[in-house]
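This report refers to the structure that appears directly beneath it.
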Amino acid sequence: MLTLTDAPARVRLSEPVYRPFEVTVARIRRLGPSFLRFTFTGDDLEHFGTECLDQRIKVVVPVDGMPMCDLFGADGGADWYATWRALPDAERNPLRTYTARAVRPELREVDVDFVCHGDTGPATRWATTAQPGDSLLLVGPNALCDTSAGVGIEWRPGDARTLLLAGDETAVPAISGILGSLDDSATGHVFLEVPYADDIQHVTAPAGVTVTWLPRNDLPHGERLTEAVRHWAAGHPPLHGAFGLYAWLAGEAGTVKALRRFLVREAGVDRSQVAFMGYWRAGRPEN
Ligand SMILES: Cc1cc2nc3c(=O)[nH]c(=O)nc-3n(C[C@H](O)[C@H](O)[C@H](O)COP(=O)(O)OP(=O)(O)OC[C@H]3O[C@@H](n4cnc5c(N)ncnc54)[C@H](O)[C@@H]3O)c2cc1C
């Protein structure tokens, strides 16, 4: 017989693919001048299900003077997005998209790496002032849902034999996760543009995958990344058909769009073999 004390705190009639998780900041580690690694902990994180890779998640960002909104509602968080949208402006915390850098369900921990880009948005503002013990919500894949595997993951190289990954600092967590998943036979090239040389991180990659870090210092955003990809493509003609290339591009939307256009229109890469994601847009907040 089910007693009240046995009953789960939140009852969902069906398990959604993504759902909110209540978390607390356990640790904050500086990875470089532009990166902070947050380790979140929460009782429920044993059900946070992902293979990592470029797994997208949502951070419900705390704002000074505003209580953290309740996304669980009457349905236990099953339709968390409708609940969030229905909130009055003054009670709706900003939602921002991030990558699950590492997940340790057995320890009930999730790591998220935040790029600190000044005081221009709620997420970067929160990240640079947050303290261990702060509470917030993450919205992530629900391991209790049978169909959550692979949802929110764009990395689909199929049986491509050569890989090209290019991204700016916001894509470093995703690319690091992808690199960690590759088997020893993988070959290709990775370009990562970061603000400063001290932002370069140690990443694990198979011997056949070359990782090139591109600190931009005072150069315009995207310039070094674009130049590096163009230079790489010039050394690998032709980039179509039998070559079996899969390209994954992420970062500032304008740069990513231009890189994708270059690969498809000028370098001849099959458009179905290019995954491209605008992770942020210069001059515009996420929503
Ligand atoms: C699938 C996906 C995964 C992502 N993963 C990560 C991740 O793991 N780590 C991470 O740090 N970011 C990640 N991002 C990017 C992140 O969502 C954006 O940078 C987001 O805009 C940050 O929110 P904010 O509140 O700080 O700024 P917003 O309020 O969204 O924007 C405020 C201003 O800051 C500018 N801005 C936003 N981001 C940057 C930036 N990085 N550099 C310079 N200016 C910026 C905007 O153009 C705008 O003018 C990811 C995005 C997507 C779509």
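Computed from the coordinates by the stated procedures, all read-outs in this text should not be read as laboratory data. Everything numeric here is computed off the predicted structure, so don't read it as measured data. Counting neighbours? That spans all protein chains shown, and the Cβs are built from the backbone with ideal geometry, glycine included.
With n ≥ 4 as the cut-off for DSSP H runs, can you work out [θ] at 222 nm for the chain, using -39500 (n - 2.57) per run divided by the number of residues, rounded to the nearest 500?
Working: 5 runs with 46 residues, N = 287.
Rounded to the nearest 500, the figure is -4500 deg cm²/dmol.
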- For the pair VAL17 and ARG281, the simple spin-label estimate (label points 7 Å beyond Cα toward Cβ) gives in nm 2.3
- Query: How many percent of DSSP beta bridges within the chain run antiparallel, rounded to 5?
  - Reply: 60
- Message: Let me check against my output: what whole-number percent is the relative contact order of the range 54-102, with C-alpha pairs under 8 Å and at least 6 apart?
- Response: 58
- Message: Tell me whether the range 1-122 comes out rounded, prolate or oblate; compute the Cα gyration tensor, take square roots of the eigenvalues as a ≥ b ≥ c, and use a/c under 1.5 as the rounded threshold.
- Response: oblate
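Rank the residues ASP198, ASP79 as a footprinting-exposure proxy: fewest other Cβ atoms within 10 Å of their Cβ go first.
Lowest count first: ASP198, ASP79.
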- With labels modelled as points extended 7 Å from the Cα through the Cβ direction, what inter-label distance (nm, one decimal) is found for ASP89 paired with THR120? 2.3
- Message: So, R0 is 25 Å and r is the distance between the beta-carbons of GLN201 and GLU223; what FRET efficiency does that work out to, to 0.05?
- Response: 0.75
- Given H placed 1.01 Å from N in the peptide plane, which residues other than close sequence neighbours of GLU109 have an amide H under 5 Å from its amide H? ARG104
- Please work out whether the range 162-280 counts as rounded, prolate or oblate from its C-alpha gyration tensor, where a ≥ b ≥ c are the square roots of the eigenvalues and a/c under 1.5 means rounded, while otherwise a/b larger than b/c means prolate and anything else oblate? oblate
- Please give the length that would be gained between ILE28 and THR187 if that part of the chain were fully extended, namely 0.36 nm times their separation in residues minus their C-alpha to C-alpha distance (nm, one decimal). 53.9 nm
- Task: Would you pull out the residues with amide H under 5 Å of GLY150's amide H, same chain only if 5 or more places away, H placed 1.01 Å from N?
- Result: GLU51
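Counting other beta carbons within 10 Å of each Cβ, put LYS257, LYS58 in order, fewest first.
Arranged by neighbour count, lowest to highest, LYS257, LYS58 become LYS257, LYS58.
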- Task: May I ask you to derive the FRET efficiency for GLU51 and ASP159 from their Cβ-Cβ distance with R0 = 22 Å, giving the value to the nearest 0.05?
- Result: 0.75
